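The values are calculated or read from the model by the stated rules, or taken from the named source; none is laboratory data. Small disclaimer: the values here were computed from a predicted structure and weren't measured. All Cβ positions, even for glycine, are placed from backbone atoms using ideal geometry, and neighbour counts span all protein chains on display. The area values use the complete protein model at the heavy-atom level, side chains included, leaving out ligands, DNA and RNA. Shrake-Rupley method; radii C 1.70, N 1.55, O 1.52, S 1.80 Å.
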Amino acid sequence: MNIIVAGGGIFGVTAALALRGRGHAITLVDPGLPHPLAESTDISKVVRMDYGADADYTALGEEALAGWRQWNARWSLFRDSAASARPLFHETGATFLSRVPMSGFELDSYAMLTSRGHQLERLDADAIAARFPAYRRGALVDGYFNPEGGWAESGGVVAQLGREAEGLGVTIRAAHISQIVDDGALLDDGELVRADLVVVTAGSWVPLLVPELAPVLRAVGQPVFHLRPDDPSLFEAHHFPVFGADISRTGFYGFPVNRDGIVKIANHGTGTLLPPDAPASARVVTEAQENALREMLRATFPALAAAPIVYRRLCVYCDTVDGHFWIARHPTRENLVVATGGSGHAFKFAPVLGELIAAIALGEPHPLAHKFRWRAELTEPQGVEAARHHGR
Ligand SMILES: Cc1cc2nc3c(=O)[nH]c(=O)nc-3n(C[C@H](O)[C@H](O)[C@H](O)COP(=O)(O)OP(=O)(O)OC[C@H]3O[C@@H](n4cnc5c(N)ncnc54)[C@H](O)[C@@H]3O)c2cc1C
């Protein structure tokens, strides 16, 4: 088939690669790949299989981790070639700690992962202080370290997969789609790009292309901060791995210092509701969000409390009402598939996402098809992903 993939974030590039791999002719359309406002475009995203009591995401996370290791192995083969690939996944491990004795997300994840045979290191206040010198003693008193997992250079991954897609014969069009029609997609300049199937992977912009989804998909802004510590050695991965700082109660999580001397900290919380077409000028971090960060740093990471913020951004989730992805064929429009709804936690699944979208797009059975089905009847909030702080 001739297939258009509308949107070149992680949903789009992985779907394009998987559908191309099945022999279809693919046109991937995005005004900029990676687009600066896209969710997928960032210096880092957490890669974890720690999903509380949710066995589906835990299993998908295990598969994805194996995929990240394979991608790294493949990319390191190209290290000196024109493809300029390099390992973009950093397996630092991840630690999920709490301010009170473990319960909820941390406890459920610990129980789920140990029951699946993963070797986790349980940590009390003394162990935390001994292992992680950047933490204020006693700020976090329980939790665990999981040696499996870490972070991926998300913008770099999208660019790399875009190059690979082009190398495999995917046509990449630097354009913006104004409308999806029965026989393809209309570009802003009025050109009709014909296709047998259109897979809409436009992230939080999806309701602009598929308006009937506006009641069930929300654009929610989340604050991201890049800090430059005076002493970056305190934040190196061996004693400052990816972390969740009582994440389901505070939303705060972060990353070890990267090669540019940056420590990124963000919030996986309630966020700020925005219109799907919010311009860059409306995507700004509020003073309250910055004050909340400073308060958390004073309480937990004293060496970062006064560190300069060298970059801040309100990055926009495409939230579904239950926190599960939306990957489904349109119930009445034969030629239309929608794959979105990352709800702030989809990037980590990149190595398995493309095949998942391709299978559902082509009408093949998939064990997660029900979880990600077209569920327009669900308009009221139904809960969130286990690590997410929902403030209710
Ligand atoms: C602050 C923040 C932190 C996050 N942290 C993590 C994390 O640590 N771990 C994790 O797993 N996930 C994380 N996520 C979630 C993850 O980034 C997303 O789930 C994922 O990147 C969504 O990808 P996407 O392809 O759906 O959307 P996007 O990456 O937003 O891509 C959508 C693309 O569609 C294009 N587009 C839009 N409209 C049109 C149009 N009309 N025509 C053509 N193209 C169009 C845009 O240009 C864009 O490139 C985070 C998200 C945010 C916002």
Alpha-carbon centroid distance for the pair the stretch 9-68 / the stretch 289-346, whole angstrom: 15
For E148, residues with placed amide H under 5 Å, excluding near neighbours: A94
Cut-off under 5 Å, modelled amide H: who pairs with R136 long-range: F301
Value of relative contact order over the chain, rounded to a whole percent, pairs C-alpha under 8 Å and six or more apart: 23
Solvent-free Debye scattering, log10 I(q)/I(0), computed from the Cα coordinates of the chain at q = 0.06, 0.07, 0.15 Å⁻¹: -0.22, -0.30, -1.41
Among 20-29, 155-164, 68-77, the order from most to least packed when residues are scored by Cβ within 10 Å on average: 155-164, 20-29, 68-77
Pairwise centroid distance, computed over Cα atoms, of the stretch 356-392 with the stretch 185-251, Å: 16
Simple label model, 7 Å out from Cα along Cβ direction - A73 to N2, nm: 4.0
Among beta bridges that DSSP assigns inside the chain, antiparallel share in %, nearest 5: 70
Solvent-accessible area, 1.4 Å probe, carbon plus sulfur percent, for the chain: 54
Cα-based helix-to-principal-axis angle, 10-21 vs the chain, degrees rounded to 10: 50
Extended-chain gain in nm, criterion 0.36 nm per residue less alpha-carbon gap, E236 and T114: 41.2 nm
Convex hull of the stretch 233-392 built on C-alpha atoms - directionally averaged projected area, nm²: 11.9
Gain in span if fully extended, L168 to I309, counting 0.36 nm per residue against the direct Cα distance: 46.7 nm
Sorted peptide list for 118-127, 9-18, criterion being average Cβ within 10 angstrom, highest first: 9-18, 118-127
Per-peptide average of other Cβ atoms within 10 Å, ordering 132-141, 179-188, 352-361 highest first: 352-361, 132-141, 179-188
Rule-of-thumb Rg ratio for the stretch 1-66 [Cα; 2.2 N^0.38 Å; N residues]: 1.35
Size of electric dipole in the stretch 194-266: Cβ of Lys, Arg +1 and of Asp, Glu -1, about Cα centre, debye, nearest 20: 180
From the C-alpha gyration tensor of the stretch 67-190, square roots of 5λ in Å: 42, 21, 14
Sequence-distant residues sharing a close amide H with Y253 (under 5 Å, placed H): A245, A266, H268
3J(HN,Hα) from dihedral phi, the stretch 44-58, Karplus parametrisation 6.51/-1.76/1.60, rounded to Hz, x for glycine, proline: 6, 9, 6, 10, 9, 10, 7, 10, x, 8, 7, 5, 4, 5, 4
Given charges at Cβ of Lys, Arg, Asp, Glu: the chain dipole, positive-most of T92, T332, S109: T92
